[in-house]
Amino acid sequence: GAVIEFKNVDKYYGKYHALKNINLEIDEGEIVSIIGPSGSGKSTLIRTMNGLEKINSGQLIVTGYDLADKKTDINKIRKNVGMVFQHFNLYENHTVLENIMLAPRIVLKRPEAENKEIAMKLLKRVGLEEKANLLPKQLSGGQKQRVAIARSLAMKPKVILFDEPTSALDPEMIQDVLDVMKYIAQAGITMVVVTHEMGFAREVGSRLLFFDKGAILEDSHNPREFFAH
Ligand code: ADP
Ligand code: ADP
């Protein structure tokens, strides 16, 4: 079934109409790439999915929670929906390992030994187990982003939102991050990815949204075919 459902959603920044009558259903396990010109509303769209931006009208249901309902506890949605940002947003004063352990400890009250075991397993998966005790500033951009992805996975989310995860990286670091994203895609977690990486959109994505001027211009369930045209 649908894990994310937009019905006639509009979003304004003041008088600026940023999202125009969005209708969109994303099913469990879909890998959705969102492409389109800068300023077209891609980031706004995914930021509405975990309540970072409020919608002005319409209906938005995410993992069963109604985001238009003021009574909805946003923290319940954020347990289910992880987010990876362009600029990592790591806690700079905490080690790599602590960055991954913090939210599960506080939000999920995961027991310490289990929490550490899961965090180390995830660090290994993203190729950074030997960096566990370093601070973020001691890592490259690509390594920081892989920590951010491990941190998001530690919460065992149903959905992970990615907002231009490779756009701030030096070219030689992009592939390592894309490889980790490909692994997540194969693990069956629903992903919504704002990206300029057409290779990812074509090869890994199962669905492609082309966004323009606050609206979905194209919605393809066959990205390879879309790019062949
Ligand atoms: P994209 O991700 O496609 O580059 P954004 O969603 O970031 O587009 O932005 C869409 C439009 O909304 C842009 O014109 C941007 O300047 C505007 N915008 C984004 N965030 C805000 C904000 N917090 N306040 C006012 N305008 C905003
Ligand atoms: P990015 O490329 O990372 O999306 P932006 O410069 O587009 O960076 O946006 C950075 C932040 O500024 C975002 O939180 C966005 O919502 C906000 N923002 C973007 N455009 C505007 C705007 N016109 N007015 C106010 N805030 C904005």
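No lab work stands behind these numbers, since they all come straight from the coordinates. The model shown is predicted, which means the values in this text are computed figures rather than measured ones. Note that we place each Cβ from the backbone using ideal geometry, even for glycine, and neighbour counts take in every protein chain shown.
Taking the criterion of being under 13 Å from the mean Cα position of the chain (by Cα), among the hydroxyl-bearing types (Ser, Thr, Tyr) and within 16 Å of ligand 2 (Cβ to nearest atom), the residues of segment 1-52 that qualify are Ser43, Thr44, Thr48.
Consider segment 37-52 and keep the residues that are more than 6 Å from ligand 1 (Cβ to nearest atom) and β-branched (Val, Ile, Thr). The one that is surrounded by the most Cβ atoms within 10 Å (Cβ to Cβ) is Thr48. You will find that of Lys70, Lys20, Lys7, the residue that is touching a residue at least 40 places away in the same chain (Cβ under 8 Å), surrounded by fewer than 18 Cβ atoms within 10 Å (Cβ to Cβ), away from ligand 1 (no atom under 16 Å from the Cβ) and among the charged types (D, E, K, R) is Lys7 and no other.
Could you count how many residues in segment 168-193 are more than 17 Å from Asp27 (Cα to Cα) and either β-branched (Val, Ile, Thr) or touching a Gly at 6+ places or on another chain (Cβ under 9 Å) (or both)?
Of the residues in that region, 12 qualify.
Just to be sure before I move on: is Met83 within 13 Å of the chain's Cα centre (by Cα), touching a residue at least 40 places away in the same chain (Cβ under 8 Å) and closer than 30 Å to Met173 by Cβ in the structure I sent? For Met83, the condition - within 13 Å of the chain's Cα centre (by Cα), touching a residue at least 40 places away in the same chain (Cβ under 8 Å) and closer than 30 Å to Met173 by Cβ - is met. If you go through segment 121-146 and keep only what is part of a helix (DSSP H, G or I) and either within 13 Å of the chain's Cα centre (by Cα) or under 22 Å from Gly188 (Cβ atoms) (or both), you end up with Lys121, Leu122, Leu123, Lys124, Arg125, Gln145, Arg146. When we screen Thr63, Thr48, Thr95 for residues that are among the hydroxyl-bearing types (Ser, Thr, Tyr) and under 30 Å from Ala132 (Cβ atoms), the only hit is Thr95. Which of the residues belonging to segment 163-209 are within 25 Å of Glu5 (Cα to Cα), within 16 Å of ligand 1 (Cβ to nearest atom) and small (Gly, Ala, Ser)? Matches in segment 163-209: Ala201 only. Looking only at residues of segment 178-222 that are part of a loop (DSSP other than H, G, I, E, B) and hydrophobic (A, V, I, L, M, F, W, C), we find that the one that is nearest to Ser33 (Cα to Cα) is Val204.
Within segment 25-73, being out of contact with any helix residue (DSSP H, G or I) (no Cβ under 8 Å at 6 or more places or on another chain) and hydrophobic (A, V, I, L, M, F, W, C) holds for Ile26, Val32, Leu45, Ile46, Met49, Leu52, Ile61, Ala68. For first residues located in segment 34-57 and more than 17 Å from Ile74 (Cβ to Cβ), partners that are of a type in the set (S, T, N, Q) and away from ligand 2 (no atom under 11 Å from the Cβ) and lie 6+ apart or on another chain with Cβ distances below 7 Å form the pairs Ile35/Thr195. Hey, could you check segment 147-165 for residues that are within 16 Å of ligand 2 (Cβ to nearest atom) and not in a strand (DSSP E or B) and say which is nearest to Ile34 (Cα to Cα)? Filtering segment 147-165 for residues that are within 16 Å of ligand 2 (Cβ to nearest atom) and not in a strand (DSSP E or B), the one nearest to Ile34 (Cα to Cα) comes out as Glu164.
Residues that are surrounded by fewer than 16 Cβ atoms within 10 Å (Cβ to Cβ) and within 16 Å of ligand 1 (Cβ to nearest atom) were ranked within segment 53-67; the one that is farthest from the chain's Cα centre (by Cα) is Asn56.
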